[in-house]
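Notes for the one structure printed next.
Since every read-out is calculated from the coordinates, none of them should be taken as a lab result. Treat the numbers as computed from the prediction; the structure is a model and nothing was measured. Neighbour counts run over all protein chains shown; Cβ positions are idealised from the backbone, glycine included.
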């Protein structure tokens, strides 16, 4: 299958947003946020940004609120740093992949211990 433009834009947005969030945003509510994935619509007009946050539920919520408040700044910076004709509207969502993986690993470990009690 051909490498679609949407895939290239996803990678570009993930790289640029990750850099801006980690190095330039100075909001104390943002706690160790990492952009893990970006899903852009086929018309390249809106993008869902998956963000993994180290911390408890309150830190995740406050980080998402801060990122949503910083959307105009982030869109402006993306427009200035890229040659995209249209900068997509950004929506930030929490990425729970790491927590799910840890939970599955823990459950597998418990199941192995039950099978082999030695």
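Quick look at the numbers
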| quantity | calculated |
| --- | --- |
| Among beta bridges that DSSP assigns inside the chain, antiparallel share in %, nearest 5 | 55 percent |
| Amide N proximity, region 81-117 versus residue 69 label position 7 Å along Cα-to-Cβ, cut-off under 19 Å | 90-94 |
| R0 of 41 Å, Cβ-Cβ distance residue 59-residue 116: FRET efficiency to nearest 0.05 | 0.65 |
| Crossing angle, helix 71-81 versus the chain [Cα axis fit, 0-90 degrees, rounded to tens] | 70 degrees |
| Segment residue 34-residue 97, length gained on full extension (0.36 nm per residue, minus Cα span) | 21.5 nm |
| Sorted by Cβ neighbour density within 10 Å, fewest at the top, the residues 74, 25 | 25, 74 |
| Listed residues 29, 103, 71, most fluctuating in the chain (Gaussian network, C-alpha, under 10 Å) | 103 |
| Where N is the number of residues in region 5-115, Cα Rg divided by 2.2 N^0.38 Å | 1.24 |
| Along principal axes, Cα extents of region 1-45, largest first, whole Å | 42, 17, 14 |
